[in-house]
1. For Trp250, work out the one condition from (1) on the phi > 0 side of the Ramachandran plot; (2) over 16 Å from the mean Cα position of the chain (by Cα); (3) within 13 Å of the ligand (Cβ to nearest atom) it doesn't fulfil.
2. In the range 1-60, how many are among the hydrophobic types (A, V, I, L, M, F, W, C), outside any helix (DSSP H, G or I) and either closer than 20 Å to Gly81 by Cβ or open to solvent by 80 Å² or more (accessible area, probe 1.4 Å) (or both)?
3. For the range 280-296, does any single residue satisfy the condition of being in contact (Cβ under 8 Å) with a residue 60 or more places away in the chain and not aromatic (Phe, Trp, Tyr)?
4. Do you know which residues across the range 285-332 are over 26 Å from Gln133 (Cβ atoms), open to solvent by 70 Å² or more (accessible area, probe 1.4 Å) and not in a helix (DSSP H, G or I)?
5. Got a sec? Which of Ala107, Ala111, Ala165, Ala120 is over 25 Å from Pro209 (Cβ atoms), open to solvent by less than 40 Å² (accessible area, probe 1.4 Å) and hydrophobic (A, V, I, L, M, F, W, C)?
6. In the range 196-211, what residues are within 12 Å of the ligand (Cβ to nearest atom) and open to solvent by 50 Å² or more (accessible area, probe 1.4 Å)?
7. So for the range 72-86 (the condition being in a helix (DSSP H, G or I) and touching a Phe, Trp or Tyr at 6+ places or on another chain (Cβ under 7 Å)), does at least one residue qualify?
Amino acid sequence: MGRSVAGDRNEQERAYALLALGDELIHARALQIAAELRIADLLASRPRPCQDLAEHTETDPEALYRMMRLLASRGLFHESGTGVFELTPMGDPLRSDHPASVRSVLALTGAVAPLVLGGAHHSLRTGEATFPQVTGDPIYAHMARHPEQGRLFDEAMRDLTRLVAPAVLDAYDFTGAPHIIDVGGGSGALISAILRREPAASGVVLEDPRVVDSALDEIREEGVADRCSAVGGDFFREVPAGGDLYLMKWVLHNWSDERVTDILRNCRRAMREDSRLLIIESVLPSGDDAHPGKAMDLAMLVLLGGRERTEEQFGELLAGAGLRLERVVPTRSPHSVVEASPR
Ligand SMILES: C[S@@+](CC[C@H](N)C(=O)[O-])C[C@H]1O[C@@H](n2cnc3c(N)ncnc32)[C@H](O)[C@@H]1O
């Protein structure tokens, strides 16, 4: 039977849409390299010819032009004269000094994604992380062994947290929690933002000893050092007692259900009956709905053997650790606040 021309056209459009989706990898890689090369910093004050950009970034001018042309086609830059590029408002957060900078995050993705995505079949076959297969170390041991990458990782977490903190603070009322413990609190960006909003509260960051000094720097920079400290420790062994509120942002998604249960049990042991625990993460919608957490879920699988979770999955894990899911508070970011209390 002959096929209709209209039918053919629809099929072709769908086929081209799939090819375009496949090509997103090339666009993403160009974006990551632009972040690594700090192209937006070079364009911050004025447009520049590609030749000039190439000299500063030690790249080939013609090759760099082709990459800039691709990114200009996505609106990040504008070719304002032949071979001359300027930064657009859309590309502006690629600057490292932008208040909502994503430069370090994209540079980190650029450093890590090429390592693991090539071998991602390992994760699909086994359900385990690919990262240790490729590098020989789990990711946090790798960061400790490669201080340069460790610093980039911490900077990226700090910048992402600075981006999301206003949405969390607007969605959740932190008043009435005099002492707050941020478990795996990274650079201290979240606790600092909360303490700036709540001048009577005090806080502690529990972190891997590798990260404590940069957390202390951030706490000092944010002007809350008189009310906040950072201590080295291991949340698989012990979580400090004495908190009215415990925070865990982007920690649990790093780990398997078994490891999450260990962390939650240590939190429960540290909590009083009236303490609360806040898990700040994506809460995955069921069904086909799009959500940034669905990509992060695969990233967590290949990097750490971790996962993003649904509300039901959070509820089950909390119950297994003697905690009860009280409510899920959405924020205007892709992340929600999951509030839990002792059962
Ligand atoms: C994905 S980062 C999130 C950091 C921070 N909560 C944020 O949202 O910016 C996870 C953090 O857990 C810390 N971490 C990993 N294993 C740990 C352990 N066993 N004890 C304490 N912290 C740990 C890492 O150093 C890292 O800073």
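The values are calculated or read from the model by the stated rules, or taken from the named source; none is laboratory data. This is a predicted model, so every value here is computed, not measured. Every residue, glycine among them, receives a Cβ derived from its backbone with ideal geometry; neighbour counts consider all protein chains shown. Note: areas computed on protein heavy atoms with side chains; ligands, DNA, RNA excluded. Shrake-Rupley method; radii C 1.70, N 1.55, O 1.52, S 1.80 Å.
1. (2)
2. 2
3. Applying the first criterion (in contact (Cβ under 8 Å) with a residue 60 or more places away in the chain) to the range 280-296 yields 280.
If we keep only those that are not aromatic (Phe, Trp, Tyr) too, we end up with 280.
Yes, that holds for at least one residue.
4. Answer for the range 285-332, where residues must be over 26 Å from Gln133 (Cβ atoms), open to solvent by 70 Å² or more (accessible area, probe 1.4 Å) and not in a helix (DSSP H, G or I): Ser286, Asp288, Asp289, Ala290, Arg324, Glu326, Arg327, Pro330, Arg332.
5. Values: Ala107 fails: over 25 Å from Pro209 (Cβ atoms); Ala111 fails: over 25 Å from Pro209 (Cβ atoms); Ala165 fails: over 25 Å from Pro209 (Cβ atoms).
Being over 25 Å from Pro209 (Cβ atoms), open to solvent by less than 40 Å² (accessible area, probe 1.4 Å) and hydrophobic (A, V, I, L, M, F, W, C) holds for just one of Ala107, Ala111, Ala165, Ala120, which is Ala120.
6. Asp208, Pro209, Arg210 - these are the residues of the range 196-211 that are within 12 Å of the ligand (Cβ to nearest atom) and open to solvent by 50 Å² or more (accessible area, probe 1.4 Å).
7. Taking the range 72-86 and keeping what is in a helix (DSSP H, G or I), we get 72-73.
Applying the additional criterion that residues be touching a Phe, Trp or Tyr at 6+ places or on another chain (Cβ under 7 Å) yields 72.
Within the range 72-86, one or more residues are in a helix (DSSP H, G or I) and touching a Phe, Trp or Tyr at 6+ places or on another chain (Cβ under 7 Å).
Conditions tested, residue by residue: (1) away from the ligand (no atom under 13 Å from the Cβ); (2) among the aromatic types (Phe, Trp, Tyr); (3) open to solvent by less than 20 Å² (accessible area, probe 1.4 Å).
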position	(1), (2), (3)
Thr135	yes, no, no
His146	yes, no, no
Arg151	no, no, no
Met157	no, no, no
Ile194	no, no, yes
Asp213	no, no, no
Glu218	no, no, yes
Glu222	yes, no, no
